[in-house]
1. Between MET155, MET189, MET136, which is in contact (Cβ under 8 Å) with a residue 60 or more places away in the chain and surrounded by 16 or more Cβ atoms within 10 Å (Cβ to Cβ)?
2. LEU311 passes all but one of (1) within 24 Å of PHE255 (Cβ to Cβ); (2) of a type outside the set (Asp, Glu); (3) surrounded by 16 or more Cβ atoms within 10 Å (Cβ to Cβ); (4) over 20 Å from the mean Cα position of the chain (by Cα); which number fails?
3. Looking only at residues that are of a type in the set (S, T, N, Q) and farther than 19 Å from MET171 by Cα in segment 243-266, which one is surrounded by the most Cβ atoms within 10 Å (Cβ to Cβ)?
4. Is it true that some residue in segment 348-358 is of a type in the set (Asp, Glu), at pLDDT 80 or above and more than 30 Å from LEU203 (Cα to Cα)?
5. Being touching a Pro at 6+ places or on another chain (Cβ under 9 Å) and not charged (D, E, K, R) is true for just one of VAL289, VAL305, VAL327. Which residue is that?
6. Do you know which residues across segment 18-38 are in contact with a strand residue (DSSP E or B) (Cβ under 8 Å, 6 or more places away or on another chain) and in a helix (DSSP H, G or I)?
7. Just the residues that are aromatic (Phe, Trp, Tyr) and in contact (Cβ under 8 Å) with a residue 12 or more places away in the chain, please, taken from segment 212-242.
8. Failed condition for LEU150, given (1) crowded, with 21+ Cβ neighbours inside 10 Å; (2) assigned by TED's automatic domain parsing to the domain that holds LEU355; (3) aliphatic (A, V, I, L, M), with all others met?
Amino acid sequence: MASFTYIATNTQNKSVSGSIEATDRSAVMSTLEKQGLRPISVKEKAKSGSLSFGGSFFNSNKVKSDDLVMFTRQLSAMVGAGVPLLRALTSLEKHTESAGLKKVLGQVIKDVEAGAPLADALSKHSTVFSDVYINMVRAGEAAGILDEILKRLAMQQEKNATIRKKVKSAMAYPTVLIVITILAFFGLMLFVIPQIGKILTDLGGPDAQLPGLTLAMLAISGFMTSYWFIVLPLIAGAVVVISRYLKTPKGRSQFHHFILKVPGVNNIIKKVAIARFARTFSALMGAGVAVLEALSVTAHAVGNVVYEQALLDASEAVKNGDQLSAVIEKNPLFPAIVAQMLSVGEETGQTDKVLVKVADFYEEEVDVAIDGLSSIIEPVMIVIMGSMVGLIAASVMGPIAGLAQNIKG
């Protein structure tokens, strides 16, 4: 028996979540349906102690986003050309260079051969295929437009991957500078400052009057030198505790609320969330998924707890008869242009096409915002590092200059 976590909607279309034990994912889906729940997301809990050496760092079975995009595009082309689904899957499984994808496709092929729909076969591999992916494939199979849906999926994955790469590349430089700054600080405090303190004591004697800044630096250095075996584990432990707390629902919620208030960063986070909402909701609506279900799936795929709750609240309001554009317009998390474009889409019946334009616009805005942030971060980090070096230099040069004057006198 394995343990699974699930997110589902009940008969009142309210979102519920919990955990359940079952033999496999299909058994979980069946159990939830018997309870009158409609599954949105079902994921298997990771087993503690199941990672071997390097399992989380060098996982050769992990499917990269680029491999998944290529698979989706190739499957779309083959299905669109009239190749039977099973034959297309077998061909792609045979020729893929990704060991992880080959393993997953082997299991998917077995399920499809046994008569399972492609969406159900993919749903057993939730770590590879997202809820959005599975829901769109299911809608494409039901409507008989699987090739078109797969094209939409490939495009959406490429856009999401592009945004992730740009955000990561923007964060790489300041992260490296922060690490270097921290290492330099510890290196100076543990190895350089003690030697300088000894030199100052030798020159001025034990009764030498040192400036307050120098005394503070020597005190910090002395504490760290004497208790490094306590300080370093405490810092490492704090990092581990904080990182684990941020993975909990409460910690994740608090962190997401916090970053939406950080100047400079909050604009990027908002634009990324809006772009992801627009593209995901557009893809689901274009695939023929019902509005309420599309909102629920999009909410859990948007990547921010604050926006997730806002979309779930919007789903409740839409269920009660409100128009989505009117609900979005009242929420300050969404700019006015989103509500206006949604209103146009509702009037023309082309919500999916209109939201694609919104997604394109905000993805371009993300590019501009990231470039602007990168240009600001570099001089700020240089000033911070320069200030640290200047502070240490001032604490050293001040007493040396004073001792030199005393010697001349």
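1. Details: MET155 fails: in contact (Cβ under 8 Å) with a residue 60 or more places away in the chain; MET189 fails: in contact (Cβ under 8 Å) with a residue 60 or more places away in the chain.
Of MET155, MET189, MET136, the one residue that is in contact (Cβ under 8 Å) with a residue 60 or more places away in the chain and surrounded by 16 or more Cβ atoms within 10 Å (Cβ to Cβ) is MET136.
2. Here LEU311 meets the rest and fails (4).
3. Step one: list which residues in segment 243-266 are of a type in the set (S, T, N, Q), which gives 243, 248, 253-254, 266.
Going one step further and asking which of them are farther than 19 Å from MET171 by Cα, we end up with 248, 253-254.
Numbers: THR248: 10, SER253: 16, GLN254: 14.
Checked segment 243-266; the qualifying residue surrounded by the most Cβ atoms within 10 Å (Cβ to Cβ) is SER253.
4. First, the residues of segment 348-358 that are of a type in the set (Asp, Glu): 352.
Applying the additional criterion that residues be at pLDDT 80 or above yields 352.
In the following step, the residues that additionally are more than 30 Å from LEU203 (Cα to Cα) were identified as 352.
Looking for residues that are of a type in the set (Asp, Glu), at pLDDT 80 or above and more than 30 Å from LEU203 (Cα to Cα), one finds at least one in segment 348-358, hence yes.
5. Values: VAL289 fails: touching a Pro at 6+ places or on another chain (Cβ under 9 Å); VAL327 fails: touching a Pro at 6+ places or on another chain (Cβ under 9 Å).
Answer to the check: VAL305.
6. Going through segment 18-38, the residues in contact with a strand residue (DSSP E or B) (Cβ under 8 Å, 6 or more places away or on another chain) turn out to be 18-25, 28-29, 31-33, 37-38.
The answer is ARG25, VAL28, MET29, THR31, LEU32, GLU33.
7. Looking only at segment 212-242, we keep the residues that are aromatic (Phe, Trp, Tyr), and these are 223, 227-229.
Within segment 212-242, TRP228 is the sole residue that qualifies.
8. (2)
The values are calculated or read from the model by the stated rules, or taken from the named source; none is laboratory data. What you are looking at is a predicted structure, and each value in this text was computed from that prediction instead of being measured. Positions of Cβ are backbone-derived with ideal geometry, glycine not excepted, and every protein chain shown enters the neighbour counts.
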